[in-house]
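The values are calculated or read from the model by the stated rules, or taken from the named source; none is laboratory data. Please read these numbers as outputs of a predicted model, since none were measured by experiment. Ideal geometry is used to build each Cβ from the backbone, glycine not excepted, and the neighbour counts take in all protein chains shown.
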Amino acid sequence: MKRAAVFIFVVITVIWMSFIFLNSSKDGNKSNSMSYKIAISIKENFSHETLNKIKVKLEKNTKYRFKNDLSVVNFVIRKFAHFSEYMILAILVYMFFSFIGFNSKHRIVYVLFICLMYAVLDEFHQSFVLQRTSKVADILIDFSGAVFITLINGIFSLINIFVNKVKYNKKVKLHE
């Protein structure tokens, strides 16, 4: 059973990494048109004022300049896609290392290392794709997704440890 689970997580992880690679292989126009389709449907749910506030904050804190509301939504979607792709990758890699028996500390280090290296390689690969660029900011966004889910997992693990300790102490007191 354990071997089957390990094999399944290896296959799922490789498929997910391939999905990330294939998305990065799309030329800039194709990639942008895909996210614009999503942006059009999402934009309708936000007021112009809200999008303008987001635009002002983004332009203040980044080098980007946006033509209109749709370009703001598109930008956010694209960056969220980076973040969420690597969040999912971190979960899959973490599960793989869990099944093969790595302790928590080593697991976290390996997960973050693999996600960071894959983000670097992905951006390097993207630099060769027509109408795409390679940005350190995208590597940081990718890695942030992995770090975020790793922190969430750590918080839930600590809560689980605390709850189990409380349950154990209650059982011990009942038997005394």
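Numerical summary
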{"read-out": "Meets criteria (touching a residue at least 24 places away in the same chain (Cβ under 8 Å), surrounded by 14 or more Cβ atoms within 10 Å (Cβ to Cβ), over 14 Å from the mean Cα position of the chain (by Cα) and not in a helix (DSSP H, G or I)) for F46", "value": "yes"}
{"read-out": "Test: residue in region 140-151 that is closer than 30 Å to S33 by Cβ, assigned to a helix (DSSP H, G or I), at pLDDT 85 or above and in contact with a Lys or Arg (Cβ under 8 Å, 6 or more places away or on another chain)", "value": "yes"}
{"read-out": "Residue satisfying all of: in region 125-139; among the aliphatic types (A, V, I, L, M) and in a helix (DSSP H, G or I); farthest from N61 (Cα to Cα) among these", "value": "I139"}
{"read-out": "Selection within region 96-111 - closer than 19 Å to I155 by Cβ and crowded, with 18+ Cβ neighbours inside 10 Å", "value": "F97, R107, I108, V111"}
{"read-out": "Candidates V6, V10, V14, V93, filtered to the one that is on the phi < 0 side of the Ramachandran plot, surrounded by fewer than 12 Cβ atoms within 10 Å (Cβ to Cβ) and part of a helix (DSSP H, G or I)", "value": "V14"}
{"read-out": "Residue in region 17-30 that is surrounded by the fewest Cβ atoms within 10 Å (Cβ to Cβ), counting only those that are small (G, A, S) and at pLDDT 85 or above", "value": "S18"}
{"read-out": "Criterion violated by N74 - all others in (1) assigned to a loop (DSSP other than H, G, I, E, B); (2) free of Cβ contacts under 8 Å to residues at least 60 places away in the same chain; (3) surrounded by 19 or more Cβ atoms within 10 Å (Cβ to Cβ) satisfied", "value": "(1)"}
